[in-house]
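The values are calculated or read from the model by the stated rules, or taken from the named source; none is laboratory data. Keep in mind that what you see is a predicted model, and the values were worked out from it rather than measured. So basically every Cβ, Gly included, is an ideal-geometry build from the backbone, and we count neighbours across all protein chains shown.
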Amino acid sequence: MTARPEDPDDFTPDLHAYLDGELGPDAAAAVEARLAEDPEAAARFDAYAQHKALLAESVNDLPPAATSPDTARLEGELARTLARRESAPARSHPFAMAPWPANLAAAAALMAVGWFGHAATGKPDRNVPAYVSEAVGAHRVFAEDFIRPAEFDAGSTRDVAAWLSTKLGHAVRIPRLDGMGMALVGTRIHGTKEGPIVQAIYENKAGDRLSLTMARHPDAAPAIVFKSRNVADTRVGYWSQGPLDYAVVTDEPQEAIRAIASELQIAGKSRPGAG
Amino acid sequence: MTLETDLAERLHDHVAGLRRYALVLTRNRDLAEDLVQECLTKAIAAADTWKPGTDLRVWLFRILHNTHVSEQRKRHVRRTAALTPADEAVESDPTARVELQQVLDALDQLPEAQRRPIVMVAVEGMSYAEAAKALDVPLGTFYSRLGRGREALRRIMDGTERPRLRLVV
């Protein structure tokens, strides 16, 4: 385990890891030796162990919920839905070809090093601009995240728009896609080799997520007309508009991505600047 | 055993786990069952995001956890009628009942971010890696919250059990 918090007593983290069976034999032996000679640490360890055992026991002693037919029905429906997915052809999902454990490993690595990069998508795709590969990586790591997809939630995104604009080097507006049934979940900013990119994540009522990524268009580079590609088995549409590059990553078919791009281009023309 | 039966059985175990976790965290039977139902409803809608062959339990707990967060925002969960351990379950040992009550009350005093890792590890027996994924926090953050939470729990219990022995800041 590399990412340890600062602790006034460096030994404390090891006590927990030992209690929970997370240490290897050598580290466990070191903890046992320390516990044998440090009564204060041994007392704390006993307390942690006792409270853990009590909590585990409490479950059996809390009065259980009455069996709910609604829960049973939902459970049955979920089992059937998941069973269909399990027996469905592998390509039924755009991400199906991407090995999920590798994704998780990449996400875990990113968490551990606290840096976003090409690790999320493997090698960068040379057929698309680098920011598009980054956009796909950002989508796969964060947009699929149920719990904390965004740094700034929809409410605070308005407050940070000016800050995001400063980071990006150009006024950026986080567009509303409510008309398309997509509500803003929140935004993130990522540092990449090509400079900062802003990722806005949207969600429809079914919980499908879409990422809109914005990056500064390189000054000398020609404008990008709308293109739709598969990058790392993920559908992405991208284009440039004035000083900004855009990428939309979603499970929606190509036509939908084009519609979103058109919508954004029209919105961008009618309402330029930050908002 | 067919694939489908196997999946249904695993799911049934996981739903029991979701219920246990929700029950210890909320100490409210109805709220816990509501959370489980809403989690299942969301899971049905988001079934496409589950990758066959990956950890179904982690996936479900992530959804439950998300549900818990949004439910809290929506309803401002009240803890006015916290469940207490059932009388008959521990009647053979009255001190055990007091201890269970104390540890659950102490747990209630901790911030949500610390309660979750503690309960996941104690009640569901998840590994740190699984629990961090299910809670969607980096491993270092998980570790830090678990450690700080357990230490806070210990100090609260210390105060509860032996108030005159020590003053711990």
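Being closer than 19 Å to B:D55 by Cβ, crowded, with 20+ Cβ neighbours inside 10 Å and facing chain A (nearest Cβ under 7 Å) is the filter here, so list the residues in segment B:137-152 that pass it.
So the first thing to find is which residues in segment B:137-152 are closer than 19 Å to B:D55 by Cβ, and the list is B:137-139, B:142.
Imposing the further condition that a residue be crowded, with 20+ Cβ neighbours inside 10 Å reduces the set to B:137, B:142.
The answer is none; no residue qualifies.
Go through segment A:41-60 and report how many residues are crowded, with 18+ Cβ neighbours inside 10 Å, at the interface with chain B (Cβ under 8 Å from one of its Cβ atoms) and of a type outside the set (A, V, I, L, M).
So the count comes out to 6.
Here's a check for you: in segment A:119-156, which residue that is among the hydroxyl-bearing types (S, T, Y) and crowded, with 20+ Cβ neighbours inside 10 Å is modelled with the lowest pLDDT? Walk me through how you get there before you give the answer.
Narrowing segment A:119-156 to residues among the hydroxyl-bearing types (S, T, Y): A:121, A:131, A:133, A:156.
Filter once more, so that each one left must be crowded, with 20+ Cβ neighbours inside 10 Å: A:121, A:131, A:133.
Values: A:T121: 40, A:Y131: 87, A:S133: 84.
Ranking the candidates gives A:T121 first.
Going by the structure shown, is A:A47 in contact (Cβ under 8 Å) with a residue 24 or more places away in the chain and farther than 30 Å from B:A8 by Cα?
Numbers: in contact (Cβ under 8 Å) with a residue 24 or more places away in the chain: no; farther than 30 Å from B:A8 by Cα: yes.
So A:A47 fails the test.
Just wondering, is there one or more residues in segment B:25-36 that are surrounded by fewer than 24 Cβ atoms within 10 Å (Cβ to Cβ), of a type in the set (A, V, I, L, M, F, W, C) and either at pLDDT 90 or above or not in a helix (DSSP H, G or I) (or both)?
Among the residues of segment B:25-36, not one is surrounded by fewer than 24 Cβ atoms within 10 Å (Cβ to Cβ), of a type in the set (A, V, I, L, M, F, W, C) and either at pLDDT 90 or above or not in a helix (DSSP H, G or I) (or both), which makes the answer no.
Could you identify the single residue in B:R162, B:R148 that is modelled with pLDDT of 85 or more and more than 20 Å from A:S58 (Cβ to Cβ)?
Of the residues listed, the single one that is modelled with pLDDT of 85 or more and more than 20 Å from A:S58 (Cβ to Cβ) is B:R148.
Out of the residues in segment B:38-66 that are more than 7 Å from chain A (Cβ to nearest Cβ) and out of contact with any Lys or Arg (no Cβ under 9 Å at 6 or more places or on another chain), which is surrounded by the most Cβ atoms within 10 Å (Cβ to Cβ)?
Restricting to residues being more than 7 Å from chain A (Cβ to nearest Cβ) and out of contact with any Lys or Arg (no Cβ under 9 Å at 6 or more places or on another chain), the top hit is B:C39.
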